[in-house]
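J.: Got a structure for you, written out below as structure tokens; questions coming shortly.
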């Protein structure tokens, strides 16, 4: 049996941009992606601390060191620049593997930098 479990997250990161007229996704600084063990095109859940919105999208690699967290396309309607969000990824694995799996959590500072 396989189950879906919490794989990694970027905990409490600030939205720096919202671009409505874009194909869709979330652009994330590559440093943040690396710290959270998230890769380009990976499906993620976005949880908005400010308004309670939850949505799913995929990740686009942003410029390394830029601090960018940009919701693109329709997702841009679910956030305001300055909102605090949590970016969560999940993985499917066997029940036994999941018992010992340790997720990766990145805690950026107020400027979206890993300390």
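Read the figures in this text as sums done on the coordinates, not as results from a lab. Note that the coordinates shown come from a computational prediction; the quantities given were computed from them, not determined experimentally. Quick reminder, even Gly has a Cβ in these numbers, built from the backbone with ideal geometry, and neighbours come from all protein chains shown.
J.: Describe numerically, in nm with one decimal, the distance between label points set 7 Å from Cα along Cα→Cβ at residue 66 and at residue 19.
T.: About 0.7 nm separates the two model spin labels.
J.: Build a GNM of the chain with springs between Cα atoms under 10 Å: which of 56, 96, 30 gets the top mean-square fluctuation?
T.: Checking each option, the largest mean-square fluctuation is seen for 96.
J.: Place a point 7 Å from Cα of residue 49 in the direction of its Cβ. Which residues in the stretch 2-21 have their backbone N less than 17 Å from it?
T.: Those under the cut-off are 9-17.
J.: Still on this structure, please answer the following. Can you sort 21, 11 by how many other beta carbons sit within 10 Å, fewest first?
T.: Numbers: 21 7, 11 14.
Going from least to most buried by this count: 21, 11.
J.: Another one. With springs connecting C-alpha atoms under 10 Å apart, model the chain as a Gaussian network and identify which of 23, 85, 69 has the largest mean-square fluctuation.
T.: Comparing 23, 85, 69 in a Gaussian network model of the chain, the most mobile one is 23.
J.: Given labels modelled 7 Å from the Cα in the Cβ direction, how far is it in nm from residue 115 to residue 101?
T.: 3.0
J.: For the chain, set up a GNM with springs between Cα atoms under 10 Å and report which of 41, 72, 100 has the largest fluctuation.
T.: 100
J.: Do the sum for the chain: with -39,500 (n - 2.57) for every DSSP H run of n ≥ 4, divided by all residues, what is the mean residue ellipticity at 222 nm, to the nearest 500 deg cm²/dmol?
T.: -2500 deg cm²/dmol
J.: Mind pulling up the Rg/Rh value for the stretch 2-102? Radius of gyration and Kirkwood radius, both on Cα. Write down the numbers at each step before the final one.
T.: Values: Rg = 13.6 Å, Rh = 13.7 Å.
Taking Rh as the inverse mean 1/r over Cα pairs, Rg/Rh reads 0.99.
J.: I've got another one for you. Which whole-number percent is the relative contact order of the chain (Cα, under 8 Å, 6+ apart)? Write out the running numbers ahead of the final one.
T.: Numbers: 290 pairs, mean separation 52.8, N = 115.
About 46 percent, as a whole number.
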